[in-house]
Amino acid sequence: MDSLFIITILIVFFALAFDFINGFHDTANAIATSVSTKALKPRHAIILAAFMNFLGAMTFTGVAKTITKDIVDPFMLENGSIVILAALIAAIFWNLLTWYYGIPSSSSHAIIGSIAGAAIAASGFESLNYTGFLKIIQALLFSPLIAFIGGFLMYGLFKIVFKNNNLPKTNRNFRYFQIGTAALQAYTHGTNDAQKAMGIITMALIANNYQTTTDIQTWVQVSCALAMGIGTSVGGWKIIKTVGGKIMKIRPVNGVAADLTSAIVIFTATFVHLPVSTTHVISSSILGVGTSHRVRGVRWTTAQRMLITWVITLPISATIAGVTYWILNLFL
């Protein structure tokens, strides 16, 4: 059997594994607020998130095309198969490591950093598509800031609109409403995060001469959507515990404000074909809501720990991917 075909199969396997891990790693963020406020029971939240993630993944392909062509040029990528395989192994390793310690790091940072690191190890810094790569980095950097400001303003609006309402009754009503916002947030997560694996598989197919365009094939879209949905069904309780309880004490009204904010930011990014970190966006929107509610109520030590992880993820994953590429290149 052709060795290139075997490597391509391995890449598809690891890409789907990355998507599966992304499902239980990142989707936990999407349902954390609804679980922590008891708007949804954990089992019901996971079933809802799994379905909405699958639905979101089947709706769009723009982000996948951005991943395919904007980090590196798949048509010119030297040792493309090994580069992509090394990137996937590195991103999966980092995701599992941070999941084990319950740290809500970014799968987006991990895979984008890994692709860049492996490509640099293969062909040097000139292998990067700097126009597209910098556009992606800007989206990753600015989306959490936008989410923080959006969460702050959204909750500020809620305080004005509902200032004369009975608090227990308002929270009870918002708990019902939060079921809808949790579904919306899981859907937007699927529209953005599942497409990253689609883009990687398509990149491999182009690099290995199995297709000549950046179009996402139907089997790629369906398999990635299924992997994300199945991964979601496994859950991610350590991440839920961190995002849903260790940043601030979340009430239903806080959860709705955070869910709406992050869903708007993520879907806007999907609409303009930019990959963003759902982890960063959701966590930042919760921080924004918490700051608007009561600054002293935010657990800033947890926020600081998360921020450090966000900052180091891209360079560390790039380094791991570079080392992995050199090792794989010795044997493949």
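Over segment 142-191, what percent of the accessible surface lies on carbon and sulfur atoms, probe 1.4 Å? Don't skip to the end; give the middle numbers.
Details: 2050 of 2860 Å².
Carbon with sulfur: 72 percent of the solvent-accessible area.
When N counts the residues of segment 1-84, how does its alpha-carbon radius of gyration compare numerically with 2.2 N^0.38 Å, as a ratio?
Details: Rg = 17.3 Å, N = 84, 2.2 N^0.38 = 11.8 Å.
Compactness ratio reported: 1.46.
Rounded to the nearest 500 deg cm²/dmol, what is the calculated helix-only ellipticity per residue at 222 nm for the chain, with -39500 (n - 2.57) per DSSP H run of length n ≥ 4?
The per-residue figure over the chain is -27500 deg cm²/dmol.
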What does the extension gain come out to for ARG172 and PHE75, with contour length at 0.36 nm per residue minus their alpha carbon separation? 29.4 nm
Relative contact order (percent, whole number), segment 88-240, Cα cutoff 8 Å, 6+ residue spacing: 24 percent
For peptides 110-118, 87-95, sequence by mean Cβ density within 10 Å, most packed first: 110-118, 87-95
Extending each Cα 7 Å along its Cβ direction at THR59 and LEU141, get the distance between those two points in nm, one decimal. 3.0 nm
Compute the distribution of all C-alpha to C-alpha distances in segment 263-332, in bins of 10 Å from 0, and list the percent of pairs in each, rounded to whole numbers. 16, 31, 29, 17, 6, 1
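Quick one: pull the percent of accessible area on segment 1-80 belonging to carbon and sulfur, 1.4 Å probe, ligands and nucleic acids left out.
Numbers: 2350 of 3340 Å².
Answer for segment 1-80 is 71 percent, counting heavy atoms of protein chains only.
Select from segment 290-322 those trypsin sites (Lys or Arg not before Pro) which occupy a DSSP coil region and have at most 13 other Cβ atoms within 10 Å, ordered by residue number.
On the way: sites: ARG294, ARG296, ARG299, ARG305; in loops: ARG294, ARG299.
Passing sites in segment 290-322 are ARG294.
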Modelling each spin label as a point 7 Å along the Cα-to-Cβ direction, I'd like the LEU134/ILE160 distance in nm, to one decimal. 3.8 nm
Please give the per residue volume of the convex hull enclosing the alpha carbon atoms of the chain, rounded to a whole number of Å³. 110 Å³
Out of the trypsin sites (Lys or Arg not before Pro) in segment 94-201, which ones are loop residues according to DSSP with at most 15 other C-beta atoms within 10 Å? LYS163
What ranking, highest mean first, results for peptides 73-81, 220-228, 276-284 when packing means the other Cβ atoms within 10 Å averaged over each residue? 276-284, 220-228, 73-81
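Name the helices (complete DSSP H segments) of the chain with a Cα length along the long axis of 27 Å or more and a Kyte-Doolittle mean of at least -1.0, or state none. Mind dumping the intermediate values first?
Values: long enough: 3-36 (48 Å, 1.49); 80-100 (30 Å, 1.85); 130-161 (45 Å, 1.57); 167-207 (58 Å, -0.05); 252-271 (28 Å, 1.31); 300-331 (46 Å, 1.05).
Span-like helices here: 3-36, 80-100, 130-161, 167-207, 252-271, 300-331.
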Taking the Cα of ILE312, stepping 7 Å toward and past its beta carbon, and measuring to each backbone N in segment 101-128: which are under 18 Å? 101-111, 113-114
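Can you tell me the accessible area per residue over the chain, all protein chains present, probe 1.4 angstrom, in square angstrom?
On the way: 13860 Å² over 332 residues.
I get 42 Å² per residue for the chain.
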Quick one: pull the percent of accessible area on segment 256-332 belonging to carbon and sulfur, 1.4 Å probe, ligands and nucleic acids left out. 72 percent
Estimated inter-spin distance, THR301 and LYS38, nm [label 7 Å along Cα→Cβ]: 2.7 nm
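The values are calculated or read from the model by the stated rules, or taken from the named source; none is laboratory data. Everything quoted here is computed from the prediction, not taken from an experiment. In this analysis, Cβ positions are derived from the backbone assuming ideal geometry, glycine residues included, and neighbour counts consider all displayed protein chains. Accessible surface areas use protein heavy atoms only, side chains included; no ligands, DNA or RNA. Shrake-Rupley method; radii C 1.70, N 1.55, O 1.52, S 1.80 Å.
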